[in-house]
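The values are calculated or read from the model by the stated rules, or taken from the named source; none is laboratory data. Only a predicted model underlies this, so the values are computations on that prediction, with no experimental measurement involved. Cβ placement follows ideal geometry from the backbone for every residue including glycine, while neighbour counts extend to all protein chains displayed. Note: accessible area is taken over every heavy atom of the protein model, side chains too, but ligands, DNA and RNA are not part of it. Shrake-Rupley method; radii C 1.70, N 1.55, O 1.52, S 1.80 Å.
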Amino acid sequence: RDAESANGGYVFYDSEMDKNIAGRLYLESGMQRALQVQEFYLLYQAKIDLHSAQVIGAEALIRWQHPEKGMISPVDFIPLAEETGLILQIDAWVLEAACGQARIWQDAGVRPFRIAVNLSAKEFAFTLPGRVRQALLRHQIASEWLELEITESMLMQNTDSVVAIMDEITALGVSLSLDDFGTGYSSLSCLKRFPIDTLKIDRSFIQGIPADPDDCAIASAIISMAKQLKHKVIAEGVETRAQFEFLKTVGCDEMQGYFFSRPVSAEDFVQLLDKNFCFKLD
Ligand code: C2E
Ligand code: MG
Ligand code: MG
Ligand code: MG
């Protein structure tokens, strides 16, 4: 044995690596099981319209109730699911679950509002429009109540085919929003080439408002550009009154964030629909 392999640090590193591989396998097989035995569930975070001061939509956010590990955040399993390809099944499950919940809400007489589903970068296949249509049909949901949140990395594939897929989706009446706007490599060219309804300003630009002049400038520039290009714009990750006040002043029409509501269960979400957020804000 040479000196290096006798070194405790190396041995430690190797066993850590094994642990990581074992950990990945553990999560990977766990996700398969989770799909079968319904360990995934959705929470819903409100989107607020500033003009009516009411909820105008919900973003469905996946959670994993793991039998041993407890709640696992999507940040910890979506990337692995993307690597292994299981994301296709997970995204399909989310679309199905969100449309199913929309049907439950509508049957209960809840006023209609748009539900947004996040799609992974790997998901933008030519089969997507058909699957979206099927999900809407299966649950008898009007397409105007569904929105898909996509990220710029999804738009990096072959432009012509991506545009064709997006056109098919918007032709159904489903709207598209560009999530984490401003964090990718080609945010501005995306606006020109793709049929996008709404820009979602990434939370990283909202965080520094109002103290950081750069964040303030970037957020207000995105808002005014979006308006001139006739896109809707929403700020995500609004946590404080100061952020809310600033964004309102620079003309942001829609917001989402802990300041209004955290992601909540479908049951709790219904209560937010009756709430007039003016009372909280004034
Ligand atoms: P995202 O789509 O940009 O979602 C926003 C994330 O920010 C959510 O985290 C939300 O809980 C969190 N958030 C909302 N308001 C605030 C706030 O005021 N402050 C802070 N600090 N955080 C806030 P979450 O639920 O952990 O999701 C993280 C990411 O995982 C999502 O980012 C999305 O990219 C992905 N994801 C979540 N659900 C799904 C899903 O069903 N399918 C796919 N493919 N990805 C999902
Ligand atoms: Mg999102
Ligand atoms: Mg987002
Ligand atoms: Mg984000």
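So here's what we get for this one:
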{"quantity": "Output for segment 192-244, where each listed residue is within 12 Å of ligand 3 (Cβ to nearest atom) and over 18 Å from Ile56 (Cβ atoms)", "calculated": "Asp202, Arg203, Ser204, Phe205, Ile206"}
{"quantity": "Residue among Ile209, Ile165 that is over 17 Å from the mean Cα position of the chain (by Cα) and either in a helix (DSSP H, G or I) or within 16 Å of ligand 2 (Cβ to nearest atom) (or both)", "calculated": "Ile165"}
{"quantity": "Yes/no for Phe77 being in a helix (DSSP H, G or I) and either open to solvent by 40 Å² or more (accessible area, probe 1.4 Å) or at negative phi (or both)", "calculated": "yes"}
{"quantity": "Residue check for Ser189: more than 16 Å from ligand 1 (Cβ to nearest atom) and farther than 20 Å from Leu119 by Cα", "calculated": "yes"}
{"quantity": "Number of the condition not met by Glu236 [criteria: (1) among the acidic types (Asp, Glu); (2) away from ligand 1 (no atom under 16 Å from the Cβ); (3) more than 23 Å from Val132 (Cα to Cα)]", "calculated": "(2)"}
{"quantity": "Segment 93-120, residues that are crowded, with 16+ Cβ neighbours inside 10 Å, among the aliphatic types (A, V, I, L, M) and in a helix (DSSP H, G or I)", "calculated": "Val94, Leu95, Ala97, Ala98, Ala102"}
{"quantity": "Scan of segment 33-60 for residues that are farther than 16 Å from Leu273 by Cβ, crowded, with 18+ Cβ neighbours inside 10 Å and not aromatic (Phe, Trp, Tyr), ordered by number", "calculated": "Ala34, Leu42, Leu50"}
{"quantity": "Selection count, segment 170-206, where residues are more than 16 Å from ligand 2 (Cβ to nearest atom) and in a helix (DSSP H, G or I)", "calculated": "8"}
{"quantity": "Residue match in segment 258-267 (condition: modelled with pLDDT of 95 or more and part of a helix (DSSP H, G or I))", "calculated": "yes"}
